[in-house]
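These notes concern the structure reproduced below.
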């Protein structure tokens, strides 16, 4: 499975930089790649920000991400977690990125609460999910199609203000920050 999530063909067809360039990242940022898998976004993030923490429920995927980081000459940190409790200090993260992971989170309200805890007052949450498309394989291979409005409402209910929605192919990136 790890090969399907991070391989040269995928990086060619969907370069991670295409999404990352839309997220207004700064070299001083601390970023959590939640549901990082084998590091498809984790390693490119480590090349442009000061600190990247890959969080995943699977220790196998975290090992793959660490190996990919080593081969790429970058340093990342890894934390095994389902998101209910992430061992990071309060207010320590600038951006939390989820790439086709939010639909898999079991207790989303608890995880969103944990994200609010770990984000700095100016911190942002970027959730990328498939929101458009139809076809014979829709929902069978790859992530399910999610309703953009439902995602926004769920984030607002949890205590986030929506900053913007960025179209990204058949996906949407919903960028939100803590309500002030």
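The values are calculated or read from the model by the stated rules, or taken from the named source; none is laboratory data. Note that the coordinates shown come from a computational prediction; the quantities given were computed from them, not determined experimentally. Methodologically, a virtual Cβ is constructed for each residue, glycine included, from the backbone with ideal geometry; neighbour enumeration extends over all protein chains shown.
Looking at residue 82, is it in contact with a helix residue (DSSP H, G or I) (Cβ under 9 Å, 6 or more places away or on another chain) and closer than 17 Å to residue 124 by Cβ?
No; evaluated as a whole, the condition is false for this residue.
If residue 26 satisfies every condition in (1) closer than 19 Å to residue 173 by Cα; (2) under 16 Å from the mean Cα position of the chain (by Cα) but one, which is the exception?
Unmet for residue 26, out of (1) closer than 19 Å to residue 173 by Cα; (2) under 16 Å from the mean Cα position of the chain (by Cα): (2).
Output the number of residues of region 35-45 satisfying the condition of being part of a helix (DSSP H, G or I) and surrounded by 24 or more Cβ atoms within 10 Å (Cβ to Cβ).
3
Looking at residue 79, is it on the phi < 0 side of the Ramachandran plot and crowded, with 22+ Cβ neighbours inside 10 Å?
Judged against the criteria, residue 79 is not a match.
Cβ-Cβ distance below 8 Å, separation of 6 or more or different chains: which pairs start in region 156-170 with a residue that is touching a residue at least 12 places away in the same chain (Cβ under 8 Å) and on the phi > 0 side of the Ramachandran plot and end on one that is outside any strand (DSSP E or B) and surrounded by fewer than 12 Cβ atoms within 10 Å (Cβ to Cβ)?
From residues that are touching a residue at least 12 places away in the same chain (Cβ under 8 Å) and on the phi > 0 side of the Ramachandran plot, the pairs are 159/179.
Identify the residue in region 74-107 that is within 16 Å of residue 172 (Cα to Cα) and in a strand (DSSP E or B) and, among all such residues, is modelled with the lowest pLDDT.
Among them, the one singled out is 99.
Out of the residues in region 122-169 meeting the condition of being in a loop (DSSP other than H, G, I, E, B) and either buried (at least 16 other Cβ atoms within 10 Å of the Cβ) or touching a helix residue (DSSP H, G or I) at 6+ places or on another chain (Cβ under 8 Å) (or both), tell me which one is modelled with the lowest pLDDT.
Per the criteria, the residue is 143.
Name the single residue, out of those in region 49-73 being farther than 22 Å from residue 102 by Cα and buried (at least 17 other Cβ atoms within 10 Å of the Cβ), that is modelled with the lowest pLDDT.
Result: 68.
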